[in-house]
1. Describe numerically, in nm with one decimal, the distance between label points set 7 Å from Cα along Cα→Cβ at I35 and at A100.
2. To check my understanding: the extent here is largest minus smallest coordinate of the Cα atoms along each principal axis. What are those three numbers for the chain, in Å, largest first?
3. Loop-only check: which trypsin sites (Lys or Arg not before Pro) in region 24-57 are DSSP coil with at most 10 other Cβ within 10 angstrom?
4. Can you tell me what the convex hull of the Cα atoms of region 79-121 projects to on average, as an area in nm²?
5. What value, in deg cm²/dmol to 500, does the helix sum -39500 (n - 2.57) over DSSP H runs of n ≥ 4 give at 222 nm once divided by the residues of the chain?
6. Excluding ligands and nucleic acids, what accessible area in Å² is computed for S50 using a 1.4 Å probe, to the nearest 10?
7. Working out 0.36 nm times the residue gap between R150 and M82, then minus their Cα-Cα distance, what length gain in nm do you get to one decimal?
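The values are calculated or read from the model by the stated rules, or taken from the named source; none is laboratory data. These numbers come from a predicted model, not from an experiment. Backbone-built Cβ (ideal geometry, glycine too); neighbour counts: all protein chains shown. Heads up: the accessible areas ignore ligands, DNA and RNA and are worked out on the full protein's heavy atoms, side chains in. Shrake-Rupley method; radii C 1.70, N 1.55, O 1.52, S 1.80 Å.
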Amino acid sequence: MEFEIRRAEPKDCAMLWRWRNDPVTRRAQRLEDPIPWDAYESWYARALASPERVILIASPADPSAGEDLGVAQFTLGRVPEMAEIGLNLNPAWRGRGLAAPLIERFCAEGRRHLGFGAVIAHVKAENLPSRRAFIRAGFALDDAEGGILRFRRDFP
């Protein structure tokens with residue numbers, strides 16, 4: 001499937017909040033509790049304004065194909081050339097083999113905005129679909145602690 005990547009906008013907040021509170025998504029997160037709207041809305045406004053973060057959304061290239069596909073958030077870490085990725089697919093698009101290609105394109109676009117040279121992803125050990133997607137997207141297992149796996153990809 002062909003898709004386009006764009007920066008998130010204020011109008012995307014409610015959609016992303018719904019995706020974040022989806023039961024499958026919550027089980028995959030380190031913090032599994034639902035996020036109240038007010039807390040998410042406040043966080044989202046700060047995230048969009050942060051120069052150390054970019055939120056990107058993938059949309060089908062053909063608008064008739066349906067809803068947006070997924071979202072990635074990149075946040076620069078304590079080491080400026082390294083970012084952490086947070087990924088969430090639209091529940092309607094899960095299980096279609098899109099995660100790895102989305103991760104690859106999200107990383108390319110995230111690098112364009114933030115200039116990082118490496119990305120890390122934290123994944124729950126039991127989250128097999130995410131583990132497989134990050135490996136297919138060129139990430140390697142870098143560390144594991146307390147049931148959380150850290151995957152890393154370096155860019156030339």
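1. Between I35 and A100, the simple spin-label model gives 2.8 nm.
2. Principal-axis extents of the Cα atoms in the chain, largest first: 36, 32, 32 Å.
3. Listed in order of number, the matching sites are R30.
4. Averaged projected hull area, Cα only: 3.1 nm².
5. Calculated from helices alone, the mean residue ellipticity at 222 nm is -10000 deg cm²/dmol.
6. Roughly 30 Å² of S50 is accessible to a 1.4 Å probe.
7. Net length gain for the segment: 23.2 nm.
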